[in-house]
Structure formats: structure tokens, C-alpha cells
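To keep things clear, I will list the structure first and then write my remarks on it.
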Amino acid sequence: MQETISMRAAAVLATMVLSTSSANASSICGDVNDSNTINTTDALLVLKKGVGQQIELQCSPPGQFPATGQTTCYNKTGAVIACAGTGQDGEFQKGVPRSFTDNGDGTVTDNVTELMWEKLSDDGSIHDWADRYKWDDAFAVKIAALNTTNFAGYNDWRLPNLFELQSLINAEVVGAATYGAFWNNYSAGCNVMTCSLVHSTGYWTSTTFKDRESGAWVVEFFDGDTDAGYGKTDTAAVRAVRAGS
């Protein structure tokens, strides 16, 4: 009788885990096996735990940083070395593993930060990866156009701040120093429904460079460098963001 009650309670708890947690939000402790998705496997693990089985439930600690993507270790001359015992990022690979969801509407959601990002295209539209804007026009032209047209059904698009844009950098690669969700299916004339592109140039952030307030921070997507050398009258690329949750 007691076991039946425990199983019923655990089943209710398992159902609550699934019903109250976002399907792609590993930051909510419904993803009890740290798989970056929430599904019936998580519910089953909660059920087993509830009836006394020796099950370890895992969940990414709240506020943990995203992983950098780096898996390789190097010596002082830049040669690749074995990671064991180095203490380098490539050895520990700390942080929440990255995963992204293409929403099928011209946007990509980061399942770790829960930010929703505009995809970029090669079709001459407002999303074209070749477009460059002065800093003021990044707000007044690009972001304003996305909000006026309710791109992907939303009118709260904005220019990302420095830390938000840096979160798209994959420290393991160069050339297109980002993740596959932002660099795939290139073809001439492709649109945001068929491709996702990133230029190797600098991208504006909304963050002013405090040491020279006529400039703003830029993230370079060739090598992941952060640059404060852009004046606000220079031109750079723009990728819009919004809060996805």
C-alpha cells in the first residue's frame, strides 16, 4: 500500500516536472539528466527516485556560464598537447554544453541562455549578412525594421549587449568562430528559412566603450575577438536578439 502511494506521488511529481518546465530549458531543473532537453526520460528518472531507487538526478547549477566550446589544449608555442593535468579550458570544459534550436521561422533559440537570435541570409533582405550599419542606424534602421514588421511574430527585437553577443563565440574554431546553428546551408540567394549565415567581420553590440564613448564594443566572428576600436560612425554587421522565454 505504501509503495503504491509513493509511486502515485512520484508519478504526480514527474508530471509536474514536464508540465512546468520549458522543453528546451536546461536551466530549469526539469532536465534531471543534463541532456539539454526535457522529455519522458526525465519523468521516468524522477519516478524511479521517488520510489527509492538509487538514481542520481543531475541539473546544471543556476547561473552557470555556458561552455566555451574549446576541447583542445596547447603549450606556450601553440602546439597541441594532451589536456590531462594542464588545468586548461580544454581539459575541464566547464560550463553548460551548448545546444540550439532552429525555430523554423528565421530564428534560432539558444537553449542555455534562452535568448532568441535572428538568422542571417544572402537574399538582399533586411536579414542579409552583407549589410553594414553605422551604430545609430543599427537601432534606427535594422532593429526598427524588424520590430515594425513583427519579424517571426515579435516586436521586441534589440541590439545585443557585449556579453550576449560573446555568448555565440565558439572558442574551438576560427573562420566562422561560432556554432553550426549560425553557419549552415549557404547558397547564393538563400533566405533565413533555408540558411543561417555569419560573416567574419565585426558585429555591433549595444554597449558603448567607456574609455572612448564615441566608440562601441564589437565582436569579430572570424576569430572571436572583442574589439573596442570601432567608432560609432564606422560600419559593422548586425544580428538582432530578443528574450526567448
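Taking the condition of a type in the set (Ser, Thr, Tyr), free of Cβ contacts under 8 Å to residues at least 40 places away in the same chain and out of contact with any Leu (no Cβ under 7 Å at 6 or more places or on another chain), does Thr113 pass?
Values: of a type in the set (Ser, Thr, Tyr): yes; free of Cβ contacts under 8 Å to residues at least 40 places away in the same chain: no; out of contact with any Leu (no Cβ under 7 Å at 6 or more places or on another chain): yes.
For Thr113, the condition - of a type in the set (Ser, Thr, Tyr), free of Cβ contacts under 8 Å to residues at least 40 places away in the same chain and out of contact with any Leu (no Cβ under 7 Å at 6 or more places or on another chain) - is not met.
Could we say that Thr233 is in a loop (DSSP other than H, G, I, E, B), out of contact with any helix residue (DSSP H, G or I) (no Cβ under 8 Å at 6 or more places or on another chain) and not charged (D, E, K, R) here? Walk me through how you get there before you give the answer.
Working: in a loop (DSSP other than H, G, I, E, B): yes; out of contact with any helix residue (DSSP H, G or I) (no Cβ under 8 Å at 6 or more places or on another chain): no; not charged (D, E, K, R): yes.
Considered against the rule, which asks whether it is in a loop (DSSP other than H, G, I, E, B), out of contact with any helix residue (DSSP H, G or I) (no Cβ under 8 Å at 6 or more places or on another chain) and not charged (D, E, K, R), Thr233 comes out as no.
If the condition is being crowded, with 16+ Cβ neighbours inside 10 Å and not aromatic (Phe, Trp, Tyr), then the stretch 202-233 contributes Gly202, Thr205, Ser206, Thr207, Thr208, Gly215, Ala216, Val218, Val219, Glu220, Gly224, Lys232.
We did not get these values from a lab; they are worked out from the coordinates using the rules stated. Just so it is clear, the structure is predicted and the values come from calculations on it, not from any experiment. Quick reminder, even Gly has a Cβ in these numbers, built from the backbone with ideal geometry, and neighbours come from all protein chains shown.
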